[in-house]
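K.L.:
Input: one structure, supplied below.
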Amino acid sequence: MHAAEVYRSIADNVQRVVRGKPEVVRFAVAALLAEGHLLVEDVPGLGKTTLARCLARSIGGTWSRIQFTPDLLPGDVTGVTVYHQKTERFEFHPGGVFANVVLADEVNRGTPKTQSALLEVMSERRVTVDSTPHEVPHPFLVVATQNPIEMEGTYRLPEAQLDRFLMRLSVGYPDLAAEVLVVMSDAARVGPDDLQPVVDIPRLRAAITEVRGSHLAPAIVEYAVRLAAATREHAAVRWGASPRGSIALVRAAQALAATEGRPFVTPDDIKAVAEPVLAHRLVLTPDAELNQRRPAEVVAEVLGTVAAPLSAG
């Protein structure tokens, strides 16, 4: 399967630097194959930005990095129209989102006004400046990072923006053996900048098209929809996953199946992606938050109560 080869090439390349996190890398590359945006959230020093940079370096397209700060302006993200006296014309100067892979580093440090500059492009793959639409390159992927424990100088991402991320991943602390490899790699000066592209844009586009064509049995689609619907009815949830969550669940499962070389989706694929796809879309009730319930727990409970189809038939 062509998509599986693309996945393996990118994953192997990324894991030259990101050590001891094969599942995190697998989901990150799956998000790329699904052409869905990725939010990497964890405490400082665990390699969030490194993972994003390695993904970008592994692809033979364009990539850009936008360092979100409180003084970053929406025009820095989308671009601006400038009047040139010599030509006596207005010309559009593209912003940081005009690349195949956009690293939005510490996205929650941007003001709500600047964060909102990502809403259109993440949903429609274009930006509108001065009433004129401008298409971004295809494929287009936003990899955003944020630190969930540092609150000073940060702005919480609104639900409308969280819903535009296909997955939210947490890197987590490495085990002892993996951390030794990380330290040794740093001592040997092996980092994202040492990686070379292993997949060009035409191959990546072909893999994305192949993933979109993976077989989906009606029972599998119904299972995904029932899972999303169950989050809306859960007692601990104020606002559950929208139909966009159902779509994301299926797209992510298609990409995960492709990483294993399968042209069809199974119930286990849906279950595997349920937490990274659904958890960040849930808004818990005040009582649930007071009792320190977590969205991941809700997703686990939903998986336990909604019956899965017996096969991918």
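K.L.:
Which residue, ARG189, ARG226, ARG203, has the most motion in a Gaussian network model of the chain that connects Cα atoms within less than 10 Å?
P.N.:
ARG189
K.L.:
How many percent of DSSP beta bridges within segment 1-211 run antiparallel, rounded to 5?
P.N.:
Working: 10 of 28 bridges.
That works out to approximately 35 percent antiparallel.
K.L.:
Among ALA224, ALA255, ALA177, which one moves the most in a GNM of the chain with springs linking Cα atoms closer than 10 Å?
P.N.:
It is ALA177.
K.L.:
I need the fraction of alpha carbon pairs in segment 204-301 separated by more than 24 Å, rounded to a whole percent.
P.N.:
Working: 1238 of 4753 pairs.
Pairs farther apart than 24 Å: 26 percent.
K.L.:
Quote the charge dipole size of segment 1-211 about the Cα centre in Debye, to the nearest 20; the model charges only the Cβ of Lys and Arg (+1) and of Asp and Glu (-1).
P.N.:
Values: 21 positive and 27 negative charges, 67 e Å.
The calculated dipole for segment 1-211 is roughly 320 debye.
K.L.:
Take ALA160 and ASP12, extend 7 Å from each Cα along the Cα→Cβ direction, and tell me the distance between the two endpoints in nm.
P.N.:
Taking the two extended label points, one gets 4.5 nm.
K.L.:
Provide the net charge surrounding MET122, with neighbours chosen by a C-beta distance below 13 Å and charges set as Lys +1, Arg +1, Asp -1, Glu -1. Kindly include the intermediate steps, with their values, before the conclusion.
P.N.:
On the way: positive: ARG125, ARG126, ARG164, ARG244; negative: GLU35, GLU120, GLU124, ASP163.
Once all neighbours under 13 Å are counted, the net charge is 0.
K.L.:
Tell me what the chain gives for mean residue ellipticity at 222 nm when only DSSP H runs of n ≥ 4 count, each as -39,500 (n - 2.57), the sum divided by the residue total, rounded to 500 deg cm²/dmol. Don't jump to the answer; show the numbers that get you there.
P.N.:
Numbers: 14 runs with 141 residues, N = 313.
Taking each H run of at least 4 residues, the total per residue is -13500 deg cm²/dmol.
K.L.:
Between ARG293 and SER185, what FRET efficiency comes out of the Förster formula 1/(1 + (r/R0)^6) with R0 = 41 Å and r the beta carbon distance, rounded to 0.05? Don't jump to the answer; show the numbers that get you there.
P.N.:
Numbers: r = 38 Å, r/R0 = 0.93.
Given R0 = 41 Å and the Cβ-Cβ separation, E is 0.60.
K.L.:
In segment 1-211, with Lys and Arg counted as +1 and Asp and Glu as -1 at Cβ, which of these residues, GLY47, GLN67, VAL199, has the Cα nearest the positive end of the dipole, that is, farthest along it?
P.N.:
Farthest along the dipole direction, towards plus: VAL199.
K.L.:
Sort 16-22, 245-251 for me by packing, meaning the mean count of neighbouring Cβ atoms within 10 Å per residue, highest on top. Before the final figure, lay out each step's value.
P.N.:
On the way: 16-22: 19.4, 245-251: 22.7.
Ranked by mean Cβ neighbours within 10 Å, highest first: 245-251, 16-22.
K.L.:
Give me the three principal axis extents of segment 16-71 from the C-alpha atoms, as integers in angstrom, largest value leading.
P.N.:
35, 27, 20
K.L.:
Continuing with this model, one more query. Quick check of the Kirkwood formula: for the chain, what is the inverse mean of 1/r over all pairs of different Cα atoms, in Å?
P.N.:
Working: mean 1/r = 0.0491 Å⁻¹.
20.4 Å is the Kirkwood radius here.
K.L.:
Follow-up question, since we're still on this one. Which of the lysines could a cross-linker bridge to LYS21, judged by Cα under 23 Å and excluding same-chain residues fewer than eight apart?
P.N.:
LYS48, LYS271
Each reported figure results from applying straightforward, stated rules to the coordinates on display, with no laboratory input. For clarity, every value in this text was computed on a predicted model and none was experimentally measured. As a convention, Cβ positions derive from the backbone with ideal geometry for all residues, glycine included, and neighbour counts pool all protein chains shown.
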